């Protein structure tokens with residue numbers, strides 16, 4: 001029997017996936033637990049519409065991510081830090097400071113947990129950080145540490 005999964009089911013498939021299972025498994029477990037529906041022509045048409053809408057949303061999100069990436073990469077960020085006389089920073093630059101710099105200078109709110117600094121920042125200079133947008137999309141952003 002062919003069914004359309006409404007939710008992810010372990011060892012079977014993901015949401016909105018068309019799978020073939022035994023009749024008893026579908027009728028006695030999957031359909032009563034509201035994990036799946038029978039793959040009749042009406043439900044197949046609904047599945048196609050849901051997939052079409054999901055594709056449009058994904059394309060829109062991808063366009064937004066690409067515009068944010070382009071804006072972040074056009075000029076390096078400036079991150080201020082307190083320094084001593086030798087140019088060494090008191091402490092180090094963290095992802096929270098980079099997140100605030102992006103918010104203040106570029107106008108985008110990016111969660112600090114998505115920012116990964118490639119190397120430890122203890123001195124003034126130019127460094128790189130990676131930002132993970134999810135879905136396999138990430139960007140490398142340059143930032144310059146300047147004295148406050």
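If you take the beta carbon distance between residue 135 and residue 85 as r and set R0 to 35 Å, what does 1/(1 + (r/R0)^6) give as a FRET efficiency, to the nearest 0.05?
In this case the efficiency is close to 0.15.
If the chain between residue 49 and residue 15 were fully stretched, how many nm would it gain, using 0.36 nm times the residue separation less the Cα-Cα distance?
Values: separation 34, 0.36 × 34 = 12.24 nm, distance 1.40 nm.
Contour length minus the Cα-Cα distance gives 10.8 nm.
Could you check the spin-label model distance between residue 70 and residue 29? Points 7 Å from the Cα along Cα→Cβ, value in nm.
4.9 nm
Could you compute the FRET efficiency for residue 128 and residue 8, with r as their C-beta to C-beta distance and R0 at 41 Å, rounded to 0.05? Walk me through the numbers on the way to the answer.
Values: r = 36 Å, r/R0 = 0.88.
E(calc), rounded to 0.05, equals 0.70.
Under a 10 Å cutoff between Cα atoms, tell me which one of 134, 24, 125 has the largest fluctuation in the Gaussian network model of the chain.
Highest fluctuation among the options: 24.
Sorted from largest to smallest, which semi-axis lengths in Å does the alpha carbon gyration tensor of segment 41-92 give for its equivalent ellipsoid, taking the root of 5 times each eigenvalue?
Taking √(5λ) for each eigenvalue gives 50, 13, 5 Å, largest first.
What translational D, rounded to a whole number of µm²/s, comes out for segment 2-65 from Stokes-Einstein when the hydrodynamic radius is the Kirkwood one over Cα pairs, at 4 °C and 1.567 mPa s?
103 µm²/s
How much of the calculated P(r) for segment 75-147 lies past 19 Å, in percent of all Cα pairs?
29 percent
Multiplying the sequence separation of residue 42 and residue 114 by 0.36 nm and subtracting their Cα-Cα distance, what value in nm do you get?
Extra length available between residue 42 and residue 114 comes to 21.8 nm.
Hey, fewest Cβ within 10 Å first, where do 2, 109 land in order? Working shown, then result.
Values: 2 14, 109 8.
Sorted ascending by nearby Cβ count, the order is 109, 2.
Pick from 105, 46, 97 the residue whose mean-square fluctuation is largest in a GNM of the chain, springs joining Cα atoms under 10 Å.
46
Which FRET efficiency value, to the nearest 0.05, do you get for residue 96 and residue 58 by plugging their Cβ-Cβ distance into 1/(1 + (r/R0)^6) with R0 = 22 Å?
Efficiency, rounded to the nearest 0.05: 0.15.
In whole Å, what three semi-axes, largest first, describe the equivalent ellipsoid of the chain built from its Cα gyration tensor (square root of 5 times each eigenvalue)? Present the calculation step by step, with values, prior to reporting the outcome.
Working: eigenvalues 506, 55, 19 Å².
Those come to 50, 17, 10 Å.
Where a number appears in this text, it was derived from the coordinates with a stated rule and is not lab data. Since we're looking at a predicted model, the values are computed, not measured. In this analysis, Cβ positions are derived from the backbone assuming ideal geometry, glycine residues included, and neighbour counts consider all displayed protein chains.
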